[in-house]
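Some notes on the structure that comes next.
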Amino acid sequence: MLVLGLMVLAVAGCGGEEQALEDTQIIIGLQAEPTTLDPAQLTDYNSSRAAMEMYDSLIRFKDGSTELEPGLATEWEISDDGLEYTFKLRQGVKFHDGTPFDADAVKFNIDRQIDPEHPYHDTGEFGYADFTFGMVEEVVVVDAETVKIILNEPFAPFLGNMAMNSASMVSPEAIKEYGKDISQNPVGTGPFKFVSWNPGVEVILEKNEDCWRGAPNVDRLIFRPIVEDQTRLTELEAGNIDFIVGIPPDDLERLKDDADLQVVEQPGMHTWYVALNCQRPPFNDVRVRQAVNYAINKEAIVDNILKGTGVLAKNILPPVIWSYTDDVQDYSYNPEKARELLKEAGYDESMTIDFYVPKSGSGMQQPVTMATAIQSDLEAVGIKTNIQQLEWGTYLDKMFQPVDKSDVLMHELSWLGDNGDPDNFLYILLSGEQWPTNGFNEGFYKNPEVDKLLKEARIISDQDKRVELYQQAQKLIMADSPLVVVDHETQIVAMKKKIKGFELHPTGVFRFDKVSIE
């Protein structure tokens, strides 16, 4: 229910005339419990969606796109050699705890993530730190309003990375006060500030009246984890919540016809995939990985399970990302080809592989239903699997273990682009330098030629050359088949008609700072 309650009566002027002041809030139904509210530790949709209205970064993505605009930095300069980025900081900005935002705060936030000797490095696990700041040599405080970031080599996507969640600014004084508990006590500079987090129930934020971007129109945001898609939908239609994600495909058209609701959708920078452990049998054999790809009827999953909420994938990179090519090895449904490859590889059909699946989770669409279809397809060619379901937070912890500690051979996951650059898919998911816990290559794929191409593409500024390198890499990756790519999800949300001005963002993070209630 769009809550317009908590009416406050005020005496206006000397005539004693009463007027009602509305206290407005929006209740958002998430797919799972957030795992953290510390932006340096965010790795999933649900956490990002609940957290990011509390934070700002030096550079921000424009509304509705991944084009860049000033954030906490008003301007910046890049040295001719591409190694030094000098940022002029916005004056007069304060964190929600009243402490000033300045160059020292920028240095503290970056050093905390990348310097093992930093006194507050142990306050979190920073899964994005190497990807976002791995090329940073030093952060130099020039003066209170100027900070210089020095790189150890040129890095083409650096400005885009500085708009990512992990580059958001947290109050240093709050980190010093709360230590590892900063995840549950977030303090940023953004349009909303933290009120409370009741695990399993809700996260509550209230508007920041002193936000440098201007105070939001809505007084309060409440994020509630509701794992079951149908339950979440029922709560929306009953009026108990105002806004949902993860709409059951069977109900999409009906919602579009509901006069009390509105559905907003757009193509997403998203890929849903099954990752295979390339370092352990049986998936250390490329023939077995290719057989899995041929065995799965991806088109049937998209048509019969997702029903228009996703588009069939041919490549790990979504078509909306520049440098995408569909000139890669085709893995159309071909169970006979799968059987031939398994026979050639000497696959042991008596083996049963644990197939890990989250019960729900951000970007995971219909994870159990999709897994069941995949299990059936694999069994038809002689690959037996045992589906293992885990809650989202526990699932992520298990998937992102170092190679020597991981016993996971096969699992589902999805990825949503963070900055609109191919590097944010191809390097972070498939570079041999990004095995957990350095990054998110949780299938432990490594191809030296791919690594060389991805590395070169990061350090040159010529975009045409970068396109050429990324397309070469895509062809090699898909031939190696470290992943089974199934679809690219369409971003879809449903909300009450009274919510005005909401716009989806390509990164999947919600922005309510300009939203109003009719």
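The values are calculated or read from the model by the stated rules, or taken from the named source; none is laboratory data. Not measured: the values here are computed from a predicted model. Glycine also receives a Cβ, built like all others from the backbone with ideal geometry; neighbour counts cover every protein chain displayed.
State which residue pairs qualify: first residue of a type in the set (D, E, K, R) and inside the stretch 155-175, second residue at pLDDT 95 or above in any location, beta carbons under 7 Å apart, and separation of 6 or more residues or different chains.
Glu173/Asp97; Glu173/Thr99
Give me a count of the residues in the stretch 292-336 that are over 25 Å from Ile353 (Cβ atoms) and of a type in the set (Asp, Glu).
Of the residues in the stretch 292-336, 3 are over 25 Å from Ile353 (Cβ atoms) and of a type in the set (Asp, Glu).
What number goes with the only condition from (1) surrounded by 20 or more Cβ atoms within 10 Å (Cβ to Cβ); (2) not in a strand (DSSP E or B); (3) not basic (Lys, Arg) that Leu476 does not pass?
So the condition that Leu476 fails would be (1).
What about Asp122, is it among the acidic types (Asp, Glu), part of a helix (DSSP H, G or I) and either over 24 Å from Thr86 (Cβ atoms) or modelled with pLDDT of 95 or more (or both)? Quick ask: steps written out before the conclusion?
On the way: among the acidic types (Asp, Glu): yes; part of a helix (DSSP H, G or I): yes; either over 24 Å from Thr86 (Cβ atoms) or modelled with pLDDT of 95 or more (or both): yes.
Yes: the conditions hold for Asp122.
Is there a residue being within 30 Å of Ala167 (Cβ to Cβ) and free of Cβ contacts under 8 Å to residues at least 12 places away in the same chain anywhere in the stretch 398-410? Quick ask: steps written out before the conclusion?
The initial filter retains those residues of the stretch 398-410 that are within 30 Å of Ala167 (Cβ to Cβ), namely 398-403, 405-406, 408.
Checking which are free of Cβ contacts under 8 Å to residues at least 12 places away in the same chain leaves us with 405.
The answer is yes, given that some residue of the stretch 398-410 is within 30 Å of Ala167 (Cβ to Cβ) and free of Cβ contacts under 8 Å to residues at least 12 places away in the same chain.
Quick check on my filter: what residues within the stretch 485-518 are part of a strand (DSSP E or B) and among the charged types (D, E, K, R)?
As a first pass, look at the stretch 485-518 and keep what is part of a strand (DSSP E or B): 485-496, 499-500, 516-517.
Correct list: Asp487, Glu489, Lys496, Lys500.
Of the residues Val142, Val147, which is within 27 Å of Arg213 (Cβ to Cβ), touching a residue at least 24 places away in the same chain (Cβ under 8 Å) and crowded, with 18+ Cβ neighbours inside 10 Å? Give the derivation first.
Numbers: Val142 fails: crowded, with 18+ Cβ neighbours inside 10 Å.
From the options Val142, Val147, the qualifying one is Val147.
Could you tell me which numbered condition Gly417 fails, if it satisfies all but one of (1) in contact with a strand residue (DSSP E or B) (Cβ under 8 Å, 6 or more places away or on another chain); (2) under 30 Å from Asp397 (Cβ atoms); (3) at pLDDT 95 or above; (4) crowded, with 23+ Cβ neighbours inside 10 Å?
Gly417 satisfies all of (1) in contact with a strand residue (DSSP E or B) (Cβ under 8 Å, 6 or more places away or on another chain); (2) under 30 Å from Asp397 (Cβ atoms); (3) at pLDDT 95 or above; (4) crowded, with 23+ Cβ neighbours inside 10 Å except (3).
Please go through the stretch 347-359 and give me each residue that is touching a helix residue (DSSP H, G or I) at 6+ places or on another chain (Cβ under 9 Å), at pLDDT 95 or above and assigned to a loop (DSSP other than H, G, I, E, B), ordered by number. Write out each step before concluding.
Initially, the stretch 347-359 is screened for residues touching a helix residue (DSSP H, G or I) at 6+ places or on another chain (Cβ under 9 Å), giving 347, 349, 353, 355-359.
From what is left, the residues that are at pLDDT 95 or above are 347, 349, 353, 355-358.
Passing the criteria: Tyr347, Glu349.
Among the residues of the stretch 456-472, which ones are of a type outside the set (A, V, I, L, M), modelled with pLDDT of 95 or more and surrounded by fewer than 24 Cβ atoms within 10 Å (Cβ to Cβ)? Before the answer, list the steps.
So the first thing to find is which residues in the stretch 456-472 are of a type outside the set (A, V, I, L, M), and the list is 456, 458, 461-466, 468, 470-472.
Then drop every residue that is not modelled with pLDDT of 95 or more, which leaves 456, 464-466, 468, 470-472.
Glu456, Asp464, Lys465, Arg466, Glu468, Gln471, Gln472, listed by residue number.
At least 2 residues that are loosely packed, with under 15 Cβ neighbours inside 10 Å in each: list the strands (runs of 3 or more DSSP E) lying fully within the stretch 243-322 that qualify. Even if it seems obvious, please write down each step before you answer.
On the way: elements: 261-267, 270-276, 310-312.
Those strands (runs of 3 or more DSSP E) span 261-267.
Condition first: modelled with pLDDT under 95, of a type in the set (Phe, Trp, Tyr) and under 25 Å from Ala371 (Cα atoms). Can you find one or more residues in the stretch 398-406 that meet it?
Checking the stretch 398-406: at least one residue is modelled with pLDDT under 95, of a type in the set (Phe, Trp, Tyr) and under 25 Å from Ala371 (Cα atoms).
Taking the condition farther than 20 Å from Glu33 by Cβ, within 21 Å of the chain's Cα centre (by Cα) and at pLDDT below 95, does Gly160 pass?
Details: farther than 20 Å from Glu33 by Cβ: yes; within 21 Å of the chain's Cα centre (by Cα): yes; at pLDDT below 95: yes.
Against the criterion (farther than 20 Å from Glu33 by Cβ, within 21 Å of the chain's Cα centre (by Cα) and at pLDDT below 95), Gly160 qualifies.
Each row is one residue, and each column tells you yes or no for (1) out of contact with any strand residue (DSSP E or B) (no Cβ under 6 Å at 6 or more places or on another chain); (2) within 14 Å of Met169 (Cβ to Cβ); (3) modelled with pLDDT under 95.
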{"site": "Tyr85", "(1), (2), (3)": "no, no, no"}
{"site": "Lys88", "(1), (2), (3)": "no, no, no"}
{"site": "His96", "(1), (2), (3)": "no, yes, no"}
{"site": "Thr99", "(1), (2), (3)": "yes, yes, no"}
{"site": "Val106", "(1), (2), (3)": "no, yes, no"}
{"site": "Glu137", "(1), (2), (3)": "no, no, no"}
{"site": "Val140", "(1), (2), (3)": "no, no, no"}
{"site": "Asp143", "(1), (2), (3)": "yes, no, no"}
{"site": "Val147", "(1), (2), (3)": "no, yes, no"}
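Could you tell me whether any residue of the stretch 388-408 is outside any loop (DSSP other than H, G, I, E, B), in contact with a helix residue (DSSP H, G or I) (Cβ under 7 Å, 6 or more places away or on another chain) and surrounded by fewer than 20 Cβ atoms within 10 Å (Cβ to Cβ)?
Looking for residues that are outside any loop (DSSP other than H, G, I, E, B), in contact with a helix residue (DSSP H, G or I) (Cβ under 7 Å, 6 or more places away or on another chain) and surrounded by fewer than 20 Cβ atoms within 10 Å (Cβ to Cβ), one finds at least one in the stretch 388-408, hence yes.
For the stretch 177-229, which positions are among the charged types (D, E, K, R), over 21 Å from the mean Cα position of the chain (by Cα) and in a helix (DSSP H, G or I)?
Matches in the stretch 177-229: Glu177, Lys180, Asp181.
Would you say Lys343 is surrounded by fewer than 20 Cβ atoms within 10 Å (Cβ to Cβ), assigned to a loop (DSSP other than H, G, I, E, B) and not polar (S, T, N, Q)? Quick ask: steps written out before the conclusion?
Details: surrounded by fewer than 20 Cβ atoms within 10 Å (Cβ to Cβ): yes; assigned to a loop (DSSP other than H, G, I, E, B): no; not polar (S, T, N, Q): yes.
Here the answer is no, as Lys343 does not meet what is asked.
Among the listed residues Ser332, Ser362, Ser376, identify the single one that is surrounded by fewer than 15 Cβ atoms within 10 Å (Cβ to Cβ) and in a loop (DSSP other than H, G, I, E, B).
The conditions single out Ser332.
Restricting the stretch 478-501 to residues that are closer than 15 Å to Thr271 by Cα and among the hydrophobic types (A, V, I, L, M, F, W, C), which is nearest to the chain's Cα centre (by Cα)?
By that ranking, first place goes to Ile492.
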